[in-house]
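Report on the following structure.
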């Protein structure tokens, strides 16, 4: 019996690196907060906590400072990290609930006013056990 053929992957992990972003958008705590607060609902997901958004001070190496935010969702998590002076943002959307990455990518491109994007979509838990193995 080959269990792998019966298994659905656990989820998708969308990772976006966006360059040449609008500095005003990157330096907007309320914008980051609002995105983390509203995106789960738009995706049909449920927040476990209210979003946490903090300013990360420059560390003198790679990080020139910016807003870092995170929301834990029933289905996993969403995070946004802005690097204002470098005009760069990293965004992760990881969920065990199926979702289409394309509208999320387009949404964030408009939000941070860029077309310069690197993307990675990783299928996670390819050998996640099926429900009939719970017993």
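Since every read-out is calculated from the coordinates, none of them should be taken as a lab result. Only a predicted model underlies this, so the values are computations on that prediction, with no experimental measurement involved. All Cβ positions, even for glycine, are placed from backbone atoms using ideal geometry, and neighbour counts span all protein chains on display.
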Q: List 39, 48 from most exposed to least, where exposure is judged by having the fewest other Cβ atoms within 10 Å.
A: 48, 39
Q. Per-residue ellipticity at 222 nm for the chain, helices alone: DSSP H runs ≥ 4 residues times -39500 (n - 2.57), over residue total, nearest 500 deg cm²/dmol?
A. -6000 deg cm²/dmol
Q: Rank 38, 90, 82 by mean-square fluctuation in a GNM of the chain with C-alpha springs under 10 angstrom and give only the top-ranked residue.
A: 38
Q: Report the normalised scattering of region 21-125 as log10 I(q)/I(0) at q = 0.11, 0.14, 0.16 Å⁻¹, calculated by the Debye formula with identical scatterers on the alpha carbons.
A: -0.33, -0.54, -0.70
Q. Relative to the longest principal Cα axis of the chain, at what angle does helix 29-42 sit, 0 to 90 degrees, rounded to 10?
A. 20
Q: Please determine, in degrees from 0 to 90 and to the nearest 10, the orientation of helix 101-111 with respect to the longest principal axis defined by the Cα atoms of the chain, where the helix direction is its Cα long axis.
A: 10
**Q.** Order of 18, 45, 72 - criterion: other Cβ atoms within 10 Å of each residue's Cβ, fewest first
**A.** 72, 45, 18
